[in-house]
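Since every read-out is calculated from the coordinates, none of them should be taken as a lab result. Keep in mind the model is a prediction, meaning the values are calculated, not measured. Note: ideal-geometry Cβ built from the backbone for every residue, glycine included; neighbour counts use all protein chains shown.
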Amino acid sequence: MKVKVRQERCKECGICVANCPKKAISFSEEISVTGYRPVVVNDELCIGCGICYTMCPDWVFEILGDRG
């Protein structure tokens, strides 16, 4: 599975970063159009477990099919 990030929805709350079991999610160095540092997902570390999707209050994540 691959995770798509809708960066414009991210409010930098950190819930996904704190709950990712593989530490595949981190904050971007860049500021989004909404004024936050959105999260980015390291595809090499991500196992597609969906915890980020489940935990996120702002619907930032979309789980895609087989790695793409």
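Placing unit charges on C-beta atoms (Lys and Arg positive, Asp and Glu negative, everything else neutral), compute the dipole magnitude of the chain about its Cα centre in debye, rounded to 20. Mind showing how you got there, number by number?
Details: 9 positive and 9 negative charges, 28 e Å.
Result for the chain is approximately 140 debye, rounded to the nearest 20.
A straight Cα-to-Cα reach below 14 Å connects K23 with the aspartates and glutamates D43, E44, residues fewer than 8 places away in its own chain not being considered.
Given the alternatives (1) 1.13; (2) 1.00; (3) 1.24, Cα Rg over 2.2 N^0.38 Å as computed for this entry is given by (2).
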